[in-house]
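The values are calculated or read from the model by the stated rules, or taken from the named source; none is laboratory data. Predicted model, so just to flag it, every value in this text is computed and none were measured. Glycine also receives a Cβ, built like all others from the backbone with ideal geometry; neighbour counts cover every protein chain displayed. Calculation scope for accessible area: heavy atoms of the full protein, side chains included, ligands and nucleic acids excluded. Shrake-Rupley method; radii C 1.70, N 1.55, O 1.52, S 1.80 Å.
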Amino acid sequence: MTARVDAAPADADEPAPSPRTQRLVADVVVTMDPTCRVLRPGALEVVGDRISWVGARDDAPWRVPTAGRAGEQVVGGLLMPGLVNTHGHSAMTLMRGAGDGLSLDRWLRESIWPREARLTPDDVWWGMALGSAELLRAGVTTTCEQYLHAGVVADAALDAHIRCILTPGVFDLPGGGGQATWQRCLDDAGTLHADAHGRGGLLSIGIGPHSAYALPEEGLAAVARIAGELDALVHIHLAETKAEGEVIEGRYGCSAPALLERVGMLDGQVLAAHSVWLSDADLDLLTSHDVAVAHCPQSNGKLGSGVARVAEMCARGLRVGIGTDGPASNDNLDLWEELRLAPLLARATAADAGALRTLDALSLATRGGAGALGVEAGCLVPGSLADLVRVDLDDPAFVPGLSDADLLSHLVWAASSRLVTDVWVGGRRVVEGGVCRTVDEPRARREVVERARRLAGP
Ligand SMILES: [Zn+2]
């Protein structure tokens, strides 16, 4: 359904806002600020790419006593912060569904790495273009990505106008010959940081060492050193499977988190994806070093990896967000599914309906995720980036919705991405009436089909 956009006539007594100013009015505004204010009806003003004012419509500073409010767009529905995906390899739309039923180790060796050895930059551009459209249409406005051909991922993300924390993959690619050694990958990450960090006001460049097992110890130490010099985020798969822990224990005589501490990596900004198989001592390490966690419940379930102790992590004050992981292990980029699965698994495994509260789940997908990535988004407050989503309220999912608490509960337990109609990133409307305006999606689908056929090999 298309958002209702009624531009009110400007009042003669009030000057028209500048072209960089947008004033949006909705039936409900869910701010996700620290007090989780819900405004019914609510309004917000955007100047350039930032929010300048949020409040009840009747309190809007541009209100005038006579009819008509300058430059307002009445969008109706519910406005909330755009969702934040803290762990993805979205260009893997090229490999969606590959290797179903295999454990992580076999899935990588038999299904994914052979395809990745055949990838061209053009493949990655189209894979990321389609992935970006899928994310945006689901209301995801920020995504943290780790993938090969990172410069091309950056181009595709910027063309789609999605906010991207891009952490170029660093590891020795099996089957990649001399094309992808950890040293070469790390050099490329440094070059991309110099060239592209901050580009378009949308792109941040970090470093993505694949995992503690895919690089030698000297490689992990080098990543830690370079990331420190660049003040860059390190984004790493950590303790994803039980087998990974056994490999690291056998190789180094310690856990993966202890190894990362030993090489100095935990002294910088670290985002640990998965973090399923952590001992209490490992959790202590992550907590004491303020390591952020990307919780990926659906990928962990599909690959049979396990269930992370996310409620305990939140209780310890760890910065936690949720992630889709790649579309080859999920198999979609719909963060609404993670938003619901996270509390479902936490409650089911703890046999406790209070294990992860409804508002905490909503926070993981918005404010919490933004905090994990260090992005000034995830809540609708003045000064925050104008990344927001309109959700259609004309649906049984929002009935009865008697109270503010009901509405928030319906968002988590009854709504879904199908109700996202419009999406703004940095104040620019990139999805309108459910259609992504920044990606030629029909062509992207065709391109990905053709390329996926070649990547699958003989
Ligand atoms: Zn991953």
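Just a few scattered comments:
- Annotation note: GluC sites (Glu not before Pro) in the stretch 278-384 located in DSSP loop regions with a Cβ neighbour count of at most 15 within 10 Å are 376.
- Highest mean first, the peptides 78-89, 212-223, 395-406 sorted by other C-beta atoms within 10 Å per residue fall in the order 78-89, 212-223, 395-406.
- Dipole magnitude for the stretch 83-373: about 540 debye, using +1 per Lys or Arg Cβ and -1 per Asp or Glu Cβ, origin at the Cα centre.
- Mean separation of Cα contacts under 8 Å, 6 or more apart, over the residue count of the stretch 69-151: relative contact order %: 51
- Alpha carbon centroid spacing (whole Å) that separates the stretch 240-282 from the stretch 367-417: 33
- Loop-resident sites, the stretch 283-348, for trypsin sites (Lys or Arg not before Pro), counting at most 14 other Cβ within 10 Å (DSSP): 316
- Over the stretch 83-373, relative contact order from alpha-carbon pairs under 8 Å, at least 6 apart, %: 21
- The magnitude of the dipole of the stretch 210-304, with charges of +1 and -1 set on the Cβ of Lys/Arg and Asp/Glu and taken from the Cα centre, is near 300 debye.
- Farthest toward positive dipole pole in the chain [+1 Lys/Arg, -1 Asp/Glu at C-beta], among 391, 51, 358: 391
- Alpha carbon centroid spacing (whole Å) that separates the stretch 426-458 from the stretch 123-147: 9
- Peptides 231-238, 243-250 ordered by average Cβ neighbours within 10 Å, highest first: 231-238, 243-250
- Three-way shape label, the stretch 83-373, alpha-carbon gyration tensor, a/c 1.5: rounded
- The residues of the chain have, on average, 37 Å² of accessible surface per residue, using a 1.4 Å probe with all protein chains present.
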